[in-house]
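Asks: Below: one structure in structure tokens.
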DNA sequence: TTAATATATGAACAGATGTTCATACGTTCA
DNA sequence: TGAACGTATGAACATCTGTTCATATATTAA
């Protein structure tokens with residue numbers, strides 16, 4: 001064990017750690033942010049924010065392979081960041097909820113302040 | 001070039017893409033979400049959310065090496081998610097702004113809804 | 001049925017990432 | 001000064017990630 005520095009207060013540290021989300025939720029959060037850490041997936045979300053779209057529309061807009069779009073959508077779907085609806089032979093994707101909009105908009109504000 | 005599916009409207013696609021942030025900002029956003037995609041760094045932020053702390057306090061609380069904490073803090077600092085203040089021989093870190101709080105709190109809400 | 005279209009998925013590869021170890025730097029105080 | 005403490009950083013490693021290619025599945029229309 002390492003010596004504690006003079007600022008460390010073991011009891012307070014314990015209290016502070018109790019207010020950190022438990023491991024399970026931290027891991028889930030990591031997975032969500034991990035999904036948002038991809039140029040392709042972010043662009044997908046900024047497109048879906050404007051209008052629900054099928055896979056081939058996204059493919060055309062983003063100029064990447066259909067496979068890449070589909071893999072990206074799976075990642076987003078698994079974390080409930082986007083949802084799906086079947087429409088004939090098309091699979092229509094849309095933003096899952098307001099959390100997703102808040103996340104990408106807040107982040108955009110943050111980086112825009114720096115430019 | 002691939003054939004367009006019947007849902008694709010090239011003109012509309014163009015309009016939609018114009019409302020997607022430019023490559024530079026998308027890349028910056030990726031970097032921010034990338035920084036948030038780490039159990040250690042998330043825990044650091046949830047600690048700093050409660051109280052500004054020096055490196056050794058974080059080290060004690062998180063039970064990882066000093067090096068890991070310091071590397072994690074550098075990543076967060078470079079993206080202006082945390083800021084630093086020198087206090088004698090201590091380096092005190094604190095949450096940069098409200099965006100950071102909004103990001104982690106919104107994400108926590110999202111994952112908590114699922115549990 | 002069959003052909004065509006729309007979407008999903010597994011494998012595989014190159015590139016990126018987080019941790020630790022070792023070490024260097026900076027500040028304080030004796 | 002120098003020793004002790006607090007912090008930063010480069011290297012290296014094992015692990016993980018995103019893309020493409022090839023192929024499979026599902027729906028529609030003929």
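Asks: Quick check on region A:3-15. Is at least one of its residues free of Cβ contacts under 8 Å to residues at least 40 places away in the same chain, more than 13 Å from DNA strand D (Cβ to nearest atom) and at the interface with chain B (Cβ under 7 Å from one of its Cβ atoms)?
Replies: There is at least one residue in region A:3-15 that is free of Cβ contacts under 8 Å to residues at least 40 places away in the same chain, more than 13 Å from DNA strand D (Cβ to nearest atom) and at the interface with chain B (Cβ under 7 Å from one of its Cβ atoms).
Asks: I need the full set of residues from region B:88-115 which are more than 7 Å from chain A (Cβ to nearest Cβ) and at pLDDT 95 or above, in order please.
Replies: Scanning region B:88-115 gives B:91, B:92, B:93, B:94, B:95, B:96, B:97, B:98, B:100, B:101, B:104, B:105.
Asks: Can you list residue pairs whose Cβ atoms sit under 6 Å apart, with the first residue in region A:75-101 being more than 29 Å from residue B:101 (Cα to Cα) and near DNA strand C (Cβ under 10 Å from one of its atoms) and the second being at pLDDT 95 or above and in a loop (DSSP other than H, G, I, E, B)? Count only pairs 6 or more apart in sequence or on different chains.
Replies: Listed pairs, sorted by first residue: A:92/A:52.
Asks: Testing residue B:64 on (1) more than 20 Å from residue A:30 (Cβ to Cβ); (2) at pLDDT below 95, one condition comes back false. Which one is that?
Replies: Checking residue B:64 against (1) more than 20 Å from residue A:30 (Cβ to Cβ); (2) at pLDDT below 95, the one that fails is (1).
Asks: When you scan region A:50-73, how many residues do you find that are out of contact with any helix residue (DSSP H, G or I) (no Cβ under 8 Å at 6 or more places or on another chain), closer than 18 Å to residue B:9 by Cα and exposed (fewer than 14 other Cβ atoms within 10 Å of the Cβ)? Explain how you work it out, then say what you get.
Replies: Narrowing region A:50-73 to residues out of contact with any helix residue (DSSP H, G or I) (no Cβ under 8 Å at 6 or more places or on another chain): A:52, A:54, A:63, A:67, A:71.
Those still in the list that are closer than 18 Å to residue B:9 by Cα too: A:52, A:54, A:63.
Next cut, exposed (fewer than 14 other Cβ atoms within 10 Å of the Cβ) only: A:63.
Looking only at that region, the number is 1.
Asks: Please verify whether region A:82-92 includes one or more residues that are within 20 Å of residue B:19 (Cα to Cα), more than 10 Å from DNA strand D (Cβ to nearest atom) and touching a helix residue (DSSP H, G or I) at 6+ places or on another chain (Cβ under 6 Å).
Replies: Within region A:82-92, one or more residues are within 20 Å of residue B:19 (Cα to Cα), more than 10 Å from DNA strand D (Cβ to nearest atom) and touching a helix residue (DSSP H, G or I) at 6+ places or on another chain (Cβ under 6 Å).
Asks: Look through A:42, A:76, A:47 and report the one residue that is more than 8 Å from chain B (Cβ to nearest Cβ), buried (at least 16 other Cβ atoms within 10 Å of the Cβ) and farther than 30 Å from residue B:51 by Cβ.
Replies: A:76
Asks: Okay, moving on. Between A:12, A:18, which is surrounded by fewer than 17 Cβ atoms within 10 Å (Cβ to Cβ) and at pLDDT 95 or above? Step through it out loud before you land on a result.
Replies: On the way: A:12 fails: at pLDDT 95 or above.
Exactly one residue qualifies, and that residue is A:18.
Asks: For residue B:70, are the conditions met, namely being within 13 Å of DNA strand D (Cβ to nearest atom), without any contact (Cβ under 8 Å) to a residue 40 or more places away in the chain and more than 10 Å from chain A (Cβ to nearest Cβ)? Full working, then the answer.
Replies: Details: within 13 Å of DNA strand D (Cβ to nearest atom): yes; without any contact (Cβ under 8 Å) to a residue 40 or more places away in the chain: yes; more than 10 Å from chain A (Cβ to nearest Cβ): yes.
The answer is yes for residue B:70.
The values are calculated or read from the model by the stated rules, or taken from the named source; none is laboratory data. Everything numeric here is computed off the predicted structure, so don't read it as measured data. Note that we place each Cβ from the backbone using ideal geometry, even for glycine, and neighbour counts take in every protein chain shown.
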